[in-house]
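> Pasting a structure below so you can have a look.
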Amino acid sequence: MNTLPDPSQPSPDDLVAALQMASDRCAAHPGFAAPRAGIILGSGLGGLADEIADPLRIDYADLPGFARATASGHRGQLIFGTLDGVPVVAMAGRMHRYEGHGDDRVTFPVRLMAALGATMLIVSNAAGGLNPVLNVGDIVIINDHIDLAKKGGRTLVAPLPIFGRVASPLPLYDSRLSQIALAAARAGDFAAILGTYIATLGPTYETRAEYRMMRKLGGDVVGMSTAPEVCVAATLGMRVLGLSLVSNVARPDEAQSTDHQDVLDAGRVAQVKLRKIVAATLRHLIG
């Protein structure tokens, strides 16, 4: 069970100790293989976890430093195995700020992925479409983000020890990986564009006035996650590919309703698109 207390911002010393314990606990499992890539599966996208070969599933509750995932459709498991010939670790469910967690808690799994050997992070989410060219089921390949939920300036990315790995910060989103994702969409004959993700606290959906404001800010999609995880991954030297599945489209001039079931349904329909992009990205890793 978790050994950390519940405060939203545990101390760096607590995090370092938990990181070491969690790393040791994962590595001690029979069948463990050090991952080369980490994958974060957002709402409605958890089905990809079932395609991981020879899976080793570890419940978050059994890992020090992990909080319980409470969002609907999030299993709360770390899954190790092989996908497209590449050793991976996938988060089937993530932690969110709106669940009361600070950024160090939300990003702890990314630190663990890096500590175990992952050098690439594929992060996915289900998001609301702000750009009028988007339709439900389209993919936005994130090339920048605006974090409206961070507290006191930039997302906390204090450099905790990563067991001997020291890396210089990289651009948040890797342009080469983004181009590979675009090419995969063209080959698969489905819609994908480069765009800016706006992160909000949630868990409420945006008002029509907020949609208008976010579009004026330059946002293409809006969601409740991703930004803190990406910031920490880049600080740790990981190459990042960000993918937003458009689960609903903002219509600021007409009343409409959105609920979490719509998000889950859109995710299930669009998983084949995400799968094609992930496969192309992993092929690049071993190419």
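> With r defined as the distance between the Cβ atoms of R251 and Y98 and R0 fixed at 30 Å, what FRET efficiency is calculated, to the nearest 0.05?
Efficiency, from the Cβ-Cβ distance: 0.80.
> Now, a different point. Using alpha carbons only, how many angstrom separate the centre of segment 45-63 from the centre of segment 205-240?
For segment 45-63 versus segment 205-240, the Cα centre distance is 26 Å.
> May I ask you to sort F32, F66, F108 by Cβ crowding, counting other Cβ atoms within 10 Å and putting the fewest first? List each step's numbers first, then the result.
Details: F32 17, F66 23, F108 26.
Going from sparsest to densest Cβ surroundings: F32, F66, F108.
> For K150, which lysines qualify as cross-link partners when the Cα separation must be under 21 Å and same-chain residues fewer than eight apart are set aside?
K216
> Given labels modelled 7 Å from the Cα in the Cβ direction, how far is it in nm from Q20 to I146?
4.3 nm
> Please sort 79-92, 111-124, 14-27 by packing, taking for each peptide the average over its residues of neighbouring beta carbons within 10 angstrom, highest first. The partial results should precede the final answer.
Values: 79-92: 21.7, 111-124: 23.9, 14-27: 17.7.
Going by the mean number of other Cβ atoms within 10 Å, highest first, we get 111-124, 79-92, 14-27.
A short reminder: the numbers here are calculations on the coordinates, not readings from a lab. If you're wondering where the values come from, they're calculated on a predicted model, not measured in any experiment. In this analysis, Cβ positions are derived from the backbone assuming ideal geometry, glycine residues included, and neighbour counts consider all displayed protein chains.
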